[in-house]
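A.B. asks: Would you mind keeping the following structure in view while I ask a few things?
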Amino acid sequence: MKKLLIFLLIFFSCSENSKPDNLMSENQMVDFLFDINIINSSRAFRNISDLNYYNIKDTFLYKLHNIDSLQFVNSNKYYSSKPKKYLRIYSKMQKKMIAIRDSIDLELQNSTQKIKDSLNNTN
């Protein structure tokens, strides 16, 4: 009886982590979590720009990524139970953020240089 109970406990605990039917791919998770992080970060800032990301509703993101909240919750639960996969997702997201930051820095440097050049040409 004790062996049967242990077997059932192991069986049900393993089946909990099975892949959901509508599992998001790792790349879908990266893209969705990236958008969520950008929007949540921008909600802390108020600016006068027309591009106020804090006004974006989560339901819009689900539509944008062609998923629903349950699919995300199930996928997030699955990947969070697999630390190596979850770490890989967050590593990819970090690389994406770094690439965007670097492109913004480059654009800012170029714009600053153009302003400096135009100021030097007027003197």
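The values are calculated or read from the model by the stated rules, or taken from the named source; none is laboratory data. A quick note: this is a predicted structure, and the numbers were derived from the prediction, not measured. Counting neighbours? That spans all protein chains shown, and the Cβs are built from the backbone with ideal geometry, glycine included.
A.B. asks: Based on what the data block shows, is MET97 part of a helix (DSSP H, G or I), touching a helix residue (DSSP H, G or I) at 6+ places or on another chain (Cβ under 9 Å) and either modelled with pLDDT under 95 or polar (S, T, N, Q) (or both)?
C.D. replies: When the stated conditions are applied, MET97 passes them.
A.B. asks: Then there is this: Could you list, in sequence order, the residues of the stretch 76-103 that are polar (S, T, N, Q) and within 12 Å of ASN27 (Cα to Cα)?
C.D. replies: Step one: list which residues in the stretch 76-103 are polar (S, T, N, Q), which gives 76, 80-81, 91, 94, 103.
Residue satisfying the conditions is SER91 alone.
A.B. asks: What are the residues in the stretch 67-117 that are surrounded by 11 or more Cβ atoms within 10 Å (Cβ to Cβ) and aliphatic (A, V, I, L, M), if any?
C.D. replies: Matches in the stretch 67-117: ILE67, LEU70, VAL73, LEU87, ILE89, MET93, MET97, ILE100.
A.B. asks: Scan the stretch 51-66 for residues that are modelled with pLDDT under 85 and not in a helix (DSSP H, G or I) and jot them down.
C.D. replies: Result: LEU51, ASN52, ILE56, LYS57.
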